[in-house]
Structures are given as structure tokens and as C-alpha cells.
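Each value in this text was obtained by applying a stated rule to the coordinates, not by laboratory testing. Since the model is a prediction, treat every value here as computed from it, not as a measurement. With ideal geometry, Cβ positions are generated from the backbone for all residues, glycine too; neighbour counts draw on all protein chains shown.
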């Protein structure tokens, strides 16, 4: 028998009580991870886009389009390297399904601006060479079981096809981002020109451009916006990551709500677990007195109580976090495009901190009591 | 030189507003390899005296010396370490830890030593062998009879090879024949393994197994008796 084995066995003195309490705590940590991943999504921290990429939207709302000519004026700003544009198409790939991110883009500039998107030369040339061509990211290919070479019917409530039929695109290639965090946010791309011809659309949804120096992002944003200040289509320019955060914030302060729920869950768990530990301690007073009689010092017995409490909390947390991570990995491909639930290092760090903090906190009272336990009194009470 | 020496020991407890005198000016010596029975009516201070000798409690005044070490001045930590090395305890209700099997219970005091895992296991098995319970090593206390549990408790008391065993009513919860087995075992430990034994008992028959009997009443030593066979041995 080792000290660790001794502590494990001691902890499971009341197997059912401890197991049920551990299950409660495991569920709390499972909820913590799931809710935090939702909170992270809505905080906009989920993607890691290059600092040199900026976005210009309508000042009033993202849904308002911008004139096509703005592209040239943005490109003329000092420090701007390349400009492209996109329009939100809102494509639905399967009847009854939610829409997946589908953008009408300028293929000749889109991949130049999005340098971190990886597409083979063969697929890019095929995309550039055919008006009805489209390229899809791996996530959408997987989700809708698409293959390069097939014709993909897509419907859109924003741009319904004039003939009443779904839009049909020739899927000529696939692409991915070198940033894993962006994987689920990559859109299905097709020619803006095709949309323009078929629908008569002349404006674009937004502009994306790269800049030379990320430190000048604020300055460039002000210059761009000032160019269009006196027009009917005023703009709001910011880094792409900030734009993403703003978009997510429009859903409301989801993070605050999630954190509130997490707080309530853990407060309840704190009371429940502390109660379990104190109950367990009381039942073990005679055993602790025996240990002290055998020569285990006050400090040692107190440390065992703390360690046991830490073991209880951290093992429950590890199982809860493990289940949550596995669950997210399993359901990830089936979530709507752009709905990315990931477990960040920050979430894992806080999960660990909570587990350790909870363990220390609920172990304090039993440890203090064990430290002060008078052998003669405790043995006498047996 | 006495192995255990109590000099003018007083012990009192506070009970509410009153102070209860449990031991009054006790002076008492136990030599090495002695087997002493402490007898007396309930509340006479037998267990308190045993607790003082075992380092589980401290005297209100007076000096408790065991193996030339004055226990009064030891810190709680040092006293715990001393207990683990020098004293083996045997209680009336065995005080085995219910979740551990017999071998693991016996191994507990060895967790405080620097012995490796294998050696601890080996020593525990040896102690169980001495008390005749090798075949019950994997049994938890709930699956052992009272007598077997007390044997495990004795194995636990001797596993770290202490010089002194303090036994508080070791046969108080056992039937006559089982009690006899336990007392014989204690006698063997005293005679063949040189353990010094101080045993509290109510039972005059149990006291007969000791070399000396001391009578306590109202916190005072009232008489010292030497068993006839021991007396003969001393005279010879």
C-alpha cells in the first residue's frame, strides 16, 4: 500500500456518497466547459485572424450594402496593400437546414487578401476560370458530404433565383485556413459576377483589406471612414477580429449570462461538496484519531484531508472536462456553420483553477478540524 | 533503569466549571520486559495513566519519562514521531480502519517509515504470521471475528517493532476462550519477543497473565501485586 493508495481508499470509505458527489461535480465541470465555449464564441475570441486584415462595413448595420466603387478608394489609402469584397448570400444546402456561410466574392483578389487561406493552384485556377465555379472549405465539404466536381444546388432567402430554382454551382475546389480556430468560420465561396448577372445586384456587402503595418490600423480605419463620411453610405472600419466581436455582441451579452449560470452552478456545488466533505470528515473522526495514535502527526493528517479534497475535486473536474471536450469534438461537425464551440486554453486554465480552489476551500474546514483533533477525546467518543 | 517512569504525576480535566482530578500524585516505574496489569474500578484513572505513558495525553504536572525521554516537553509533532517508533497500541474495540484489509491495517504504521513498498508488505505479513493470521491477510475487519480483529490490532501494534505495548482492555470485548488466546499471545510477545507490556484490565483472570498488577483507586495507586510465579522467580 502506498500513501496515494491509502488516500484513495480512505476517500471512498462511503462509496455511494462519494461517487454521487463526484458525479455532481463532474456534471458541474461538464457544464462549465460547454457554457464557457458558448461564452467564448459570443465574446468573439474564438478566431485568431491576422492583425493586418481589416474590414469596412456600413456604419449603420452590417446588412446594409456598400457601393462597388469604394474598393478603389480604399486601395488608394496609404498603407493598404490589397482589397477585396464579399456579399453575404446566406445559402442553404439542404432543405430544412439552417443556412451555411456562403459568400459571393471576387476570386481574383479574395485569396490575395486572405493570405492564410490555403488553396491549391489547380483549384484556384479552376475557380477563376468558370463563372459558376465555387470552392468550399473542408468543414462544409464534410458536413454536406460534397465532392469536388459535383454540381451543388443552393437556395438563398436573400437572393432567391429568378427562375425559382436553386442556384447551381460547380464545385471546383476546396480550401482551408492555416489557423485551426478559423476552420468552422470559412465560407462557401462563389463568383460575385455570377450573383451580379443573375440578380442585378450592384453593391457589395463589405470590404476586406490588408495593411502594411498593424500598428497603423486605427489611423487607417479613420482615414477610410473619413473618405465616406459625407456620403449616404457611411462606413465603419476596424480590424477583422474586432468586426467579428462586434457581430457576436449583437446577440447580446451572452458571456455575462453564461458566466452567471456558471457562477450559480459552482456556488451550489461548493455548498454541496463542502457538505459532503464535512460529513465524510465527521464519520472518519475515530479513524483519524487512530492514525494520530499510530504516529501520524497533526499536520500530516490535516494535509491528507486537503489532499483528499483536492483529489476529489480535480479528478471530478478532469472527468467532466474530458467528457466536455469529447462531446464538443463529436458534435462539432454537426453544428451550424460559424457556430464553433471550442475549448480554449484560457477555459482549461480557469477550469483547473476552479477545481484546485474548490478543493482547497472545501478541504480547509476538515483539515483544520483534523489538525486540532484531540486523540483521547476522539477515541473516547468511538 | 526503568523503561517507564512516572514521577509525581497529576492529571486533571476541566468539566464545565469544575476541575476533575483523575490522577493524584502517581509515581510508578516499569522495567524493560515487564508485563504490568493496571486494575481498578471505572473512573480510577487507568486509561488516563495509559494515555500518559503512550504519549496520547500530557500530565497536568509531574514528569513522564519513557526510555530516558521526558515526554512532557516534546512538541506534538515529535510526540507523534516518538509514538510511531516506540509504542504499540492495542484497544478494547480494536480500532481497525474498516476500508482496509488486515494486511493494510497492519501496514499503516509503516507508512511513516522509510521502508519501501515491498519491505512494508513483507513486514506486515510477518507481523500477521506472528499473531497467527497469515491466512486472513486479505480480509477486511468486517469479515473477521472479534478475536481475529484483536490479533490484527496486535500485529499492527508490533509491526514497527516498538519496545512497549500499551493495551487498553484488550480482552474486554471478547469471550473467555478468545480472551485467553489473546492474553497468551501477549504473554508470548512479552516473554519471547521482549516486549514491555502495560495492560489495563477489569478482569482479574486477565491480570493473572501479567508479571505485576497495580491497583488504582480514585486516581491513586493503592497497591502493587506480584504474581506468585513471578515472586518465586524474583526470590530465586
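Measuring from a point 7 Å past the Cα of residue A:116 along Cα-to-C-beta, which residues in the range A:83-105 have an amide N at less than 15 Å?
From the range A:83-105, the list is empty.
Is the protein assembly as shown best put as rounded, prolate or oblate by its Cα gyration tensor, with a ≥ b ≥ c the root eigenvalues, rounded for a/c under 1.5, and otherwise prolate when a/b is larger than b/c, oblate when not? Mind dumping the intermediate values first?
Working: a/c = 4.63, a/b = 3.55, b/c = 1.31.
Prolate is the answer for the protein assembly as shown, as a/c is 1.5 or above and a/b outweighs b/c.
Hey, for a label at residue A:380 modelled as a point 7 Å past Cα toward Cβ, could you say which residues of the range A:262-297 have their backbone N under 14 Å away?
Counting only backbone N, you get no residues.
So what are the radius of gyration and Dmax for the Cα set of chain B, in Å?
Values for chain B (Cα only, Rg and Dmax): 17.6, 53 Å.
Evaluate the relative contact order of the range B:4-235 (contact order divided by residue number), counting alpha-carbon pairs under 8 angstrom at least 6 apart; express in whole percent. Intermediate values should be presented prior to the final figure.
On the way: 444 pairs, mean separation 64.9, N = 232.
Reported relative contact order: 28 percent.
According to a simple spin-label model (label point 7 Å from Cα along Cα-to-Cβ), what is the distance in nm between residue A:20 and residue A:72?
Taking the two extended label points, one gets 7.6 nm.
How do A:362, A:220 line up, fewest other C-beta atoms within 10 Å first?
A:220, A:362
By count of other Cβ within 10 Å, fewest leading, how are A:54, A:247 ordered?
A:247, A:54
Once the piece of chain linking residue B:161 and residue B:140 is laid out straight, how much longer is it, given 0.36 nm per residue of separation minus the C-alpha distance between them? The partial results should precede the final answer.
Numbers: separation 21, 0.36 × 21 = 7.56 nm, distance 2.32 nm.
Using 0.36 nm per residue and subtracting the Cα-Cα distance, I get 5.2 nm.
If you take the beta carbon distance between residue B:93 and residue A:318 as r and set R0 to 30 Å, what does 1/(1 + (r/R0)^6) give as a FRET efficiency, to the nearest 0.05? Each step should come with its number before you reach the end.
Details: r = 39 Å, r/R0 = 1.29.
According to the calculation, E is roughly 0.20.
What ranking of A:13, B:156 emerges when the number of other C-beta atoms within 10 Å of each C-beta is taken as an exposure proxy, fewest first? Could the numbers behind the result be given before it?
Working: A:13 15, B:156 30.
Ascending Cβ contact count within 10 Å gives the list A:13, B:156.
Over chain A, what is the mean sequence separation of C-alpha contacts under 8 Å (at least six apart), divided by residue count, expressed as relative contact order in percent?
29 percent
Please state the relative contact order of the range A:285-382 as a whole percent: Cα pairs under 8 Å, 6+ residues apart? Numbers along the way, then the final one.
Details: 79 pairs, mean separation 57.6, N = 98.
Relative contact order here is 59 percent.
Please give, to one decimal in nm, the separation of the simple spin-label points placed at residue B:31 and residue B:188, each 7 Å out from Cα toward the Cβ.
The modelled label-to-label distance comes out at 2.6 nm.
Using just the helices of chain A, give the 222 nm mean residue ellipticity in deg cm²/dmol: DSSP H runs with n ≥ 4 each add -39,500 (n - 2.57), and the total is spread over all residues, rounded to 500.
Details: 14 runs with 204 residues, N = 382.
Rounded to the nearest 500, it is -17500 deg cm²/dmol.
Under a plain spin-label model, where a point goes 7 Å from the Cα along Cα-to-Cβ, how far apart in nm are residue B:180 and residue B:117?
My value for the distance between the label points is 4.4 nm.
Once the convex hull of the C-alpha atoms of the range A:65-232 is built, how many Å³ does it hold per residue, rounded to a whole number? Before the final figure, lay out each step's value.
Values: hull volume 21.6 nm³, N = 168.
Enclosed volume per residue, from the Cα hull, is 128 Å³.
Please state the shape class of the range A:184-301: rounded when a/c is under 1.5, otherwise prolate if a/b exceeds b/c and oblate if not, all from the C-alpha gyration tensor. Walk me through the numbers before you get to the answer.
Working: a/c = 4.21, a/b = 3.32, b/c = 1.27.
The shape class here is prolate.
What does the C-alpha gyration tensor say about the overall shape of the range B:73-178? Classify as rounded when a/c is under 1.5, otherwise prolate if a/b is larger than b/c, or oblate. Let's see the in-between values first.
Details: a/c = 2.00, a/b = 1.25, b/c = 1.60.
Oblate is the answer for the range B:73-178, as a/c is 1.5 or above yet b/c matches or exceeds a/b.
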